Amino acid sequence: MTDQPDDHSRHNEKMRRMKVARDKLQARRTLERGLLLVHTGNGKGKSSAAFGMAIRSIGWGMRVAILQFVKGTWETGERNFFTDHPSDLVSFESMGEGFTWDTQDRAKDIAAARRGWERAKDLILDPEIDFVILDELNIVLADDTLPFDEALAFLKERPLTKHICITGRGARAELKEIADLVTEFGEVKHPFNAGFNAQKGVEY
């Protein structure tokens, strides 16, 4: 069964009205400043979405700094990509010592989180950088490896000239409150539960 001409006319008129409404809505959206973004939740894709925004920003000639807090020396596709394709528009640093169940050394984890946070503040305060991604920062804030109140206070007073994206499950309510955008990644189905190992290119 094919569309009839009258169906096309009704659709075209509906789209015309929708465009008028959207144009009016867009005209009222005039604010522009650096945004604080939070990717959290139990689902996969939090870091992947942030790296996608990094690529998008680089495409606009923006300078991006990516700082990982947990993954440590674990080889990942994103690290390989950003370090094997050097550019003056992106930096990629890993400051963690690995997952806490691997390190089994809280003093070492705390020291790594501190080094990472001091570096993060430098990047956020650097006027030459447009977008800072703090990958897995939520993890070290959730377990108090890094003092949450200290980080929250700094982020509240952050320069509003750049975007900041914080990833990791377990984002605290106070961080969500000051964020401009919060996305909860929810797990519906995961191959790990069916016995699959983590797949290269999909999960790391």
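The values are calculated or read from the model by the stated rules, or taken from the named source; none is laboratory data. All figures in this text were calculated on a predicted structure; none of them were measured in a lab. So basically every Cβ, Gly included, is an ideal-geometry build from the backbone, and we count neighbours across all protein chains shown. Remember, those area values only see protein heavy atoms, side chains included, never the ligands or the DNA or RNA. Shrake-Rupley method; radii C 1.70, N 1.55, O 1.52, S 1.80 Å.
What is the gain in length, in nm to one decimal, between residue 204 and residue 122 on full extension, counting 0.36 nm per residue of separation less the C-alpha to C-alpha distance? All intermediate terms of the calculation are to be shown ahead of the outcome.
Numbers: separation 82, 0.36 × 82 = 29.52 nm, distance 2.70 nm.
Once the chain is fully extended between residue 204 and residue 122, it gains 26.8 nm.
Would you mind working out the accessible area per residue for the chain, using a 1.4 Å probe, and quoting it in Å²?
Details: 12770 Å² over 204 residues.
Per-residue accessible area for the chain comes out at 63 Å².
By its C-alpha gyration tensor, with a ≥ b ≥ c as the square roots of the eigenvalues, how is the range 122-203 shaped: rounded for a/c under 1.5, else prolate for a/b larger than b/c, else oblate?
Values: a/c = 2.33, a/b = 1.79, b/c = 1.31.
Prolate shape, in that a/c is at least 1.5 and a/b is the bigger ratio.
Want the number for residue 7 to residue 156: 0.36 nm per residue separation, take away the alpha-carbon distance, what's left?
Values: separation 149, 0.36 × 149 = 53.64 nm, distance 5.21 nm.
Result: 48.4 nm gained on full extension.
For residue 71, list the aspartates and glutamates whose Cα falls under 19 Å from its own Cα; do not include residues on the same chain fewer than 8 positions away.
Counting by Cα, and skipping residues close in sequence, residue 71 has these aspartates and glutamates nearby: 84, 93, 97, 102, 105, 109, 118, 135, 136, 143, 144, 203.
Could the peptides 173-180, 82-89 be put in order, highest first, of the mean number of other beta-carbon atoms found within 10 Å of their residues?
Output ranking for 173-180, 82-89: 173-180, 82-89.
Using a 1.4 Å probe over the heavy atoms of the protein chains, calculate the carbon and sulfur portion of the accessible area of the chain as a whole percent. Let's see the in-between values first.
Values: 6760 of 12770 Å².
Here it works out to 53 percent.
For residue 74 paired with residue 114, estimate the spin-label separation in nm (one decimal), with each label point 7 Å from Cα along the Cα-to-Cβ line.
Label at residue 74, label at residue 114, 2.4 nm between them.
Is the shape of the range 66-183 best called rounded, prolate or oblate, per the rule: a/c under 1.5 gives rounded, else a/b larger than b/c gives prolate, else oblate, with a ≥ b ≥ c the square roots of the Cα gyration tensor eigenvalues? Can you show the working numbers first?
On the way: a/c = 1.66, a/b = 1.01, b/c = 1.64.
In terms of gyration-tensor shape, oblate.
Using only the Cα atoms of the chain, what are the Rg and Dmax in Å?
When restricted to the Cα atoms of the chain, Rg and Dmax are 20.6, 72 Å.
Straight distance only, please: which lysines reach the Cα of residue 14 with their own Cα at less than 19 Å, same-chain residues fewer than 8 apart left out?
24
List the lysines whose alpha-carbon lies under 16 Å from that of residue 121, not counting same-chain residues fewer than 8 positions away?
Result set, ordered by chain and number: 156, 162.
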